[in-house]
Amino acid sequence: MTQSQTLIIICALVDTPDFIIVGAGSAGCALAYRLSENPNNRVLLLEAGPADWSPYIHVPAAIIKAVGNPSLDWCHLAEPDPSRGGRVDLWPAGKALGGSSSINGMLFVRGQADDYDAWARLGNKGWAYADVLPYFKRMETFAAGDAAVRGQDGPLNVAHLRTRHKMGDVFVKAALESGLAFNPDYNGVSQEGASFPQVTQKRGWRYSASRAYLWRTKGRKNLTIKTGVTARRLLFDGKICMGVEAEHRGKIVQFRAAREVVLSSGALGSPKLLMLSGIGPGADLRKLGLPVLVDNPHVGAHLLDHPQGMVSIDVNVRTYNVDVNSPRILWYMARWLLLGDGPAASPYPHAVAFFKSSPEKPKPDVQVMLGPFAFDFSPKGIVPYLKPAVTAAFNVTLPNNPGRLRLRSGDPAAPPIIEHSLYASADDMRTTVTAGRFIRKIFQSDAFKPYLLAERLPGPSVQTDAEWEEYLRRTSFLGYHPVSTCRMGRMGEAVVAPDLKVHGIDHLRVVDASIMPTLVSGNTNGASIMIGERAADFILEAS
């Protein structure tokens, strides 16, 4: 922006909104829906990206065209990872209505009950599993679940795959041969065991948070949704948050809130906006010439993500990765449009499992996702393998690898600095090696013998612990599950209180994955939507 550009003050869109939500991602969509259920609440939802019109969003298999696509993804790049030979990772973040739920892998995982009980043990009253279960139930419709623990009539549709590749069935059978139990619902009473995936889809179409929540708000005059609005900083009167300054259509605009501003810009976006607004590590902000409103070193700190390893085998049946650039894709698209099934309706996983890396573990600490694909990750996105193969991606569910996010400069348009060491913990590495060995055992079981041609990754030359470690440091990738950069907890230990109010500031909350004090055991989208639901009640109860 230049000094000659006009500053427009938008005090009211007819009336000043009660609530401004910055970011229409997973939590933001749920929050906007719930706050605007009461016609007396005037809600303004701001999203930097476009409306969710792109076919790359709605066709599940088109995820490879969405991740790394700058029109739908912020495409953040991290600093070189010292634990993996300086590898540079793409850190995706959705940039459209629905946020990352519009470009993610669609696997629906709540996590384990103890994940949330651990949040409560850290001092976060109201976040134990018994507290959050009603919100998980309220947000979902899952027809196959036990009504005691699963939702039956919520906005978010959760379903089993309409078309499952035969390798998914073979993997589950092989996992049972290898000692795991079958679990019909890993989001039910227990997570442990081998299962078939539950996905955020309906009739084979992606069911993002935008489709689940915002599409239902058509006709609500008290909810205004504005796309193409990129927040630059927050506006304050002393330490009271009054609104948001943003860029919209090449101009600087200001939006004022009568009651509260809520940041729902994700684990990479929300801490950045706080720091640009003077809330963060004081010394860092001063070096960039930014004023310090609240000196809080926890803003941008504690960044966690799941380290993902791979075991992959070549098989003698056709797999979906070889069809990405083949003429068959036209038939698959036609089938998806007509019937809502087939390979075009496929997310990555066709089987999942959660297990203990050793019998002494109190709960499962490894997640596995089997896909009828083979691929690699590059700074530009997902790169398919050219031969038929299946891949088991696996991770330590509760890793100890905190990194941090910092400002590159005081310019809001500058990308943040993301520093993260995926294998900072020797314990995480040992667990990942143990998990890789067990998955190799699954692939070598009798169930796979009719289909196995050769082990593609890591390959038969990898046997010792040192060889496994070298392989994992060279090939592991992110789970795309960043959390904890605005973690909740006690004053002096966190960024937000358990009611998600920012410590030291009035009329400002953070509501997204950044507030998680720890990772959950699995994919984070389900927990992020739950956070939006939970926050809505905090805000409404305070009204």
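The values are calculated or read from the model by the stated rules, or taken from the named source; none is laboratory data. Model, not experiment: these values are computed from the prediction. Every residue, glycine as well, gets a Cβ built from its backbone with ideal geometry; the counts of neighbours run over all protein chains shown. These accessible areas exclude ligands, DNA and RNA; they are computed on the full protein's heavy atoms, side chains included. Shrake-Rupley method; radii C 1.70, N 1.55, O 1.52, S 1.80 Å.
Things worth noting here:
- Dimensionless Rg ratio for the chain, taking C-alpha atoms and the 2.2 N^0.38 Å reference: 0.94
- The modelled label-to-label distance between ARG203 and ASP427, using points 7 Å beyond Cα along the C-beta direction, is 4.9 nm.
- Its alpha carbons considered, segment 418-543 gives a radius of gyration followed by a Dmax of 20.9, 63 Å.
- Taking amide H as placed 1.01 Å from N in the peptide plane, ASN157 has its amide H under 5 Å from the amide H of THR141, each at least 5 places away in sequence or on another chain.
- Residue-wise HN-Hα coupling along segment 445-459, computed from phi with Karplus coefficients 6.51, -1.76, 1.60 (Hz; x: Gly, Pro): 6, 4, 4, 8, 4, x, 10, 6, 9, 6, 7, 7, 9, x, x
- Residues whose amide H comes within less than 5 Å of that of GLN198, counting only those at least five positions distant or on another chain, are PHE108 (H built at 1.01 Å from N in the peptide plane).
- Subset of LYS272/LYS361; LYS125/LYS218; LYS137/LYS363 violating a 29 Å alpha-carbon distance limit: LYS272/LYS361; LYS125/LYS218
- Proximal aspartates and glutamates to LYS226, defined as alpha-carbon separation beneath 20 angstrom and excluding residues fewer than eight positions away on the same chain: ASP15, ASP18, GLU37, GLU47, ASP52, ASP73, GLU245, GLU247, GLU260, ASP512
- For segment 359-463, GluC sites (Glu not before Pro) are listed when DSSP marks them as loop and at most 16 other Cβ atoms sit within 10 Å of their Cβ; the list is GLU360.
- Net +/- balance of residues flanking LEU478 in space, Cβ distance below 12 Å, scoring K and R +1, D and E -1: -1
- Distance between modelled label sites at LEU235 and GLU360, nm, 7 Å Cα→Cβ extension: 5.9
- Taking all protein chains into account, the per residue accessible area for the chain stands at 38 Å² (1.4 Å probe).
- Extreme residue, positive dipole direction of segment 320-410, given options SER357, SER346, THR397 (C-beta unit charges): THR397
- Using the alpha carbons alone, the radius of gyration of segment 1-142 stands to its Kirkwood radius in an Rg to Rh ratio of 1.04.
- In a reduced charge model with +1 at each Lys and Arg Cβ and -1 at each Asp and Glu Cβ, the chain shows a dipole moment near 1200 debye about its Cα centre.
- Phi to ³J(HN,Hα) by Karplus 6.51 cos²θ - 1.76 cosθ + 1.60 over segment 256-266, Hz, x for Gly, Pro: 10, 10, 6, 10, 8, 10, 10, 8, 9, 9, x
- Computed 3J(HN,Hα) for segment 345-354, one whole-Hz value per residue from the Karplus formula 6.51 cos²θ - 1.76 cosθ + 1.60 where θ = phi - 60°, is 8, 8, x, 5, x, 10, 7, 9, 8, 10, glycine and proline marked x.
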